[in-house]
Structure formats: C-alpha cells, structure tokens
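A quick write-up on the structure given underneath.
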Amino acid sequence: MVKYIGGICVALSMATSLSAEAVSMHCDNDTTEISTLVASLAADPSTPVGKRIVLAAESFIGKGADDFALTDSVGGLRLNVDTFTPMSFVNSAIAAGKSSMVDGGGWRAFNKELTKYSCRRGEDTGLHSIFYHTSDWIGDNIYRGNLVELTDRYTGDRSLTASLDYMSVNRDKYPALANDSVYDRVRMTEMGFRSHKIPYLPKQSIGSKDLLADMRDGDIIVMVSSKDRSDWYRFGIVKMESDGPYMIYYDVEDQQVVVTPEPLKRFFAREAKYFNGFRWLRVAGN
C-alpha cells in the first residue's frame with residue numbers, strides 16, 4: 001500500500017466520556033468540525049439520507065491521507081474528518097449522513113454511527129476490530145441490518161475466489177500487530193476469508209438502463225480488485241447526475257478524496273484492466 005501523508009491537524013489523542021467509552025480524536029477541532037458538518041446536513045429536514053451522504057462525501061473532496069494505523073501502537077478507531085483511508089472515507093460519509101437524521105445529532109451521534117459501520121459487531125476494541133477488507137465490512141454490516149447488497153438484483157452476476165490476508169502477510173506495516181494477541185486475532189479473522197467467494201456484476205452492467213433507474217445518491221460501489229489478497233480496487237459513494245452516476249472515493253495514488261472525472265460507464269471502461277467487476281450496496285433506510 002502507499003505511504004500515507006499527514007493531514008490538516010497534528011494528530012493527538014484525547015480522553016472523553018461517551019457512553020463509558022474513550023473516544024480518540026484526530027485533533028482539537030474534531031468535535032466542532034463534525035458537529036458543524038452534521039448540523040449543515042440536517043438544515044433541510046426533507047433531504048433524504050442518501051443525498052446527505054453525498055453532501056458529506058463532497059465536503060471531504062481534496063482531503064488527504066491518514067497514516068494512523070501505520071503509526072499507532074493500538075490502532076483503534078478515532079474521530080477524523082480531515083484525513084482518510086478508502087474505508088474510513090466511506091464510513092465517515094455514511095456516519096455524517098446517518099447522524100444528521102438524529103434529533104440533536106452532533107459529534108456524539110456521528111461517533112456512534114462511525115463505530116457501528118467501521119467495527120466488527122459495532123464494537124471498537126482495537127485494530128483487530130476495525131474492518132480492512134470490504135468483504136468483511138459488507139458481511140458484518142448486512143448481518144446487523146446496516147447495509148443491503150444489490151449486486152444480485154440483475155442478471156449477469158458472477159463471482160471470483162480470493163484469499164484476503166493482506167494484514168497478516170504485512171504484519172510489519174502495522175505497529176499494533178507487534179502485539180501477538182492482536183496479531184493472532186487479525187490472523188484468525190483473515191483465515192475465515194481464505195478462498196473467499198466474492199460476487200460481482202460485470203463492468204458493462206453499469207450501463208444497464210434498469211440498473212441506472214434503480215441506483216440512488218449515497219449508494220456504494222466496490223470495484224472488485226483483480227489482485228489476490230485484496231477485494232477492492234476503488235471503493236466509494238455514488239453521486240447521481242443527469243449523465244449518469246459518478247463516484248466520490250479516496251484515491252490511494254493521488255492520496256486524497258476525489259470524484260471520478262466522468263460517469264462510471266466511461267470510468268469503468270478506462271480502468272477496466274484493474275478490476276473484475278463491481279459490487280453495489282445501499283445503506284439501510286436510503
């Protein structure tokens with residue numbers, strides 16, 4: 001993976017009480033930034049949650065990379081809307097949109113939603129509980145009723161088999177994995193994804209009239225990687241425009257949040273050699 005650059009704020013940790021849980025902060029401005037974002041999304045009560053997720057994602061465009069998991073000896077979840085990984089970007093956009101639907105929602109509601117989507121079983125217990133692989137993230141969140149998979153709605157769905165063991169194989173990249181207990185838990189989780197079956201829709205399906213008629217703002221697209229040990233190539237939030245869906249995502253090469261420069265039909269054609277197909281998901285309630 002690429003080496004992540006620093007973000008806007010100097011990273012630090014603060015201990016704050018939130019339902020008897022310690023909340024790790026990216027910087028002093030986190031609670032204010034997040035509460036302001038959530039309030040802005042809630043300004044028009046008629047705005048559907050999918051559109052709120054898109055507005056949150058758009059507010060993150062241009063923001064850079066987060067190296068927290070690559071430098072921290074614990075590697076748990078933290079509040080951060082200044083720097084991202086591909087996974088944290090998607091979860092933060094969802095958390096902002098969902099928390100804005102809560103009366104009086106602010107950074108506390110955001111933290112609750114972020115934890116729910118980012119952590120296995122919705123519980124932050126350190127690096128081993130934070131999702132890395134999209135297959136793990138999808139399966140756990142579907143089981144808990146947070147996501148709905150739409151990949152199999154249309155004909156032409158296929159699957160591939162991959163072994164997802166990136167973190168185990170790259171133990172030296174994650175300081176938290178120096179702890180044998182944490183490493184063993186990560187390794188056991190990834191063992192469950194050996195020869196894992198990954199469903200996907202063919203690339204050309206993105207141009208299907210029926211699919212496009214059903215696609216919504218705030219849906220999630222996972223472009224399924226053609227490489228082993230990883231199950232995503234690009235992973236982002238759908239934004240519907242008059243000429244088709246675009247995708248907002250964290251680009252690991254550019255090290256910032258970007259939006260595709262063209263509708264997904266053309267973007268998929270241009271990037272075709274890097275991925276097999278795509279998974280299509282929706283946040284529950286969208």
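Bear in mind these aren't lab numbers, they're just calculated from the coordinates by the rules spelled out. Bear in mind that the values here come from a model prediction, so they are computed numbers and not experimental data. Virtual Cβ from ideal backbone geometry, glycine too; neighbours counted across all protein chains shown.
Overview of values
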| item | result |
| --- | --- |
| Volume per residue that the Cα convex hull of the range 218-286 spans, once the total is divided by residue count, Å³ | 94 Å³ |
| Of Lys63/Lys112; Lys63/Lys239; Lys63/Lys173; Lys63/Lys209; Lys98/Lys239; Lys116/Lys239, pairs whose Cα-Cα distance is over 25 Å | Lys63/Lys209 |
| Proximal lysines relative to Lys273, as straight alpha-carbon distance under 19 Å, when same-chain residues fewer than 8 apart are discounted | Lys203, Lys227, Lys265 |
| Residue among Gly104, Thr47, Ser195 farthest towards the positive dipole end of the chain, charges placed on Cβ | Ser195 |
| Rounded Å value of the spacing that divides the Cα centres of the range 70-101 and the range 209-286 | 19 Å |
| Selection from Phe131, Ser59, Ser208 lying farthest towards where the dipole of the chain points positive, charges on Cβ | Ser208 |
| P(r) of the range 61-128 over all Cα-Cα pairs, binned every 5 Å from zero, in whole percent | 4, 17, 27, 25, 18, 7, 2, 0 |
| Convex hull volume of the range 116-265 per residue (C-alpha atoms, cubic angstrom) | 123 Å³ |
| Cut-off under 5 Å, modelled amide H: who pairs with Thr83 long-range | none |
| Beta bridges by DSSP in the chain, antiparallel share as percent, to the nearest 5 | 90 percent |
| q = 0.18 Å⁻¹: log10 I(q)/I(0) that the Debye formula gives for the range 22-165, counting C-alpha atoms only | -1.09 |
| Mean Cβ neighbour count within 10 Å, used as a protection proxy, ranking 83-92, 111-120, 148-157 highest first | 83-92, 111-120, 148-157 |
| Lys, Arg +1 and Asp, Glu -1 on Cβ, resulting dipole of the chain about Cα centre, debye, nearest 20 | 740 debye |
| Distance between modelled label sites at Lys227 and Asp172, nm, 7 Å Cα→Cβ extension | 1.8 nm |
| Per-peptide average of other Cβ atoms within 10 Å, ordering 40-51, 238-249 highest first | 238-249, 40-51 |
